[in-house]
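Following: one structure in structure tokens, then a few remarks.
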Amino acid sequence: MAKETVLMIEDEKNILELVKYNLEQEGFRVQTANRGDLGLELARKSKSSLIILDLMLPEIDGIEICKVLKQNDKTSSIPIIMLTAKSQETDKIVGLELGADDYMTKPFSPRELVARVKAVLRRVHEKPKKETVKAGTLEIDFGKHLVTLKGKPVELTSKEYDLLRSLLEADGRVLSREFLLDKVWGYDESLHIETRTVDMHIGQLRKKLKTEAQRIVTVKSAGYRFDHDPTTSIAKVRTWKA
């Protein structure tokens, strides 16, 4: 099986070399760029499996690169993990809204970053079950990886989609933040990932679900559940074997 290629766009040499070494030790092929314009050119030309993208870069910043890649049909499906030295929540949210799959705040553990790379790629390669689920005006087609609201497509990031799917499949059961971290991100508890990651993604998902946002219920000290309104049945329209 061919090695998967990770493109890392980062202007700090020591971070670039450290992450490159750790990824290569795990069997990845790594391409690097220390400027935004060079990284964008590589992303367009190479067939990267995933991109690790720093937010603060010379020439073109990470936010602009993410925006350009996600608006191009040829590169929009490449998962992106954003790196940022900024701790403000707004910076993370901007990246998530643009379509980034995950983010990490510097300083970070190379081991944790490698774990996140593996988790994102594992989710990308998973074959979804082919079934359609309806809840009120919300519909999710697992086979087509499509979510619609009142018949109109809802643009979700991969993590928002995976969260929604997990909550729907739980059939009303409460899912803890720790469970969702493991289910959606594939994290090991020993890595001490902040559960705030789940809260941020849930917040963005609610915004996009608009009139159906209230279906995602926060259960104090427990987690989240999807509210199957008694007046609205959850109908599995069709199911195929994967």
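The values are calculated or read from the model by the stated rules, or taken from the named source; none is laboratory data. Worth saying up front: this structure is predicted, and the values here are computed from it rather than measured. So basically every Cβ, Gly included, is an ideal-geometry build from the backbone, and we count neighbours across all protein chains shown.
Restricted to the stretch 133-157, and to residues that are charged (D, E, K, R) and more than 21 Å from the chain's Cα centre (by Cα), which residue is surrounded by the most Cβ atoms within 10 Å (Cβ to Cβ)? Walk me through how you get there before you give the answer.
Of the residues in the stretch 133-157, the ones charged (D, E, K, R) are 134, 139, 141, 144, 150, 152, 155.
So of that shortlist, the ones also more than 21 Å from the chain's Cα centre (by Cα) come out as 134, 150, 152.
Numbers: LYS134: 17, LYS150: 12, LYS152: 8.
So the residue we want is LYS134.
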Original post:
If we scan the stretch 27-43, do we find a residue that is in contact (Cβ under 8 Å) with a residue 40 or more places away in the chain, out of contact with any strand residue (DSSP E or B) (no Cβ under 9 Å at 6 or more places or on another chain) and among the hydrophobic types (A, V, I, L, M, F, W, C)?
Top reply: no
Original post:
Does LEU42 satisfy being over 24 Å from GLU112 (Cα atoms) and more than 19 Å from the chain's Cα centre (by Cα)?
Top reply: yes
**OP:** Report whether or not ILE65 is crowded, with 16+ Cβ neighbours inside 10 Å, among the aliphatic types (A, V, I, L, M) and over 22 Å from the mean Cα position of the chain (by Cα).
**Re:** no
**OP:** Kindly state which strands (runs of 3 or more DSSP E) lie completely within the stretch 1-110 and contain at least 2 residues that are at pLDDT 95 or above.
**Re:** 5-9, 29-33, 50-54
Subject >> Residue identified as touching an Asp or Glu at 6+ places or on another chain (Cβ under 7 Å) and outside the structural domain of TYR161 (by TED's automatic domain parsing) among GLU41, GLU97, GLU59, GLU26 >> reply: GLU59
**OP:** Please give the strands (runs of 3 or more DSSP E) falling wholly within the stretch 130-236 in which 2 or more residues are in contact with a His (Cβ under 8 Å, 6 or more places away or on another chain), closer than 20 Å to THR105 by Cβ and modelled with pLDDT of 90 or more.
**Re:** none
Subject >> Cross-chain or 6+ apart pairs with Cβ under 7 Å, the stretch 1-20 first and farther than 17 Å from ILE78 by Cα, then loosely packed, with under 14 Cβ neighbours inside 10 Å >> reply: ASP11/PRO58
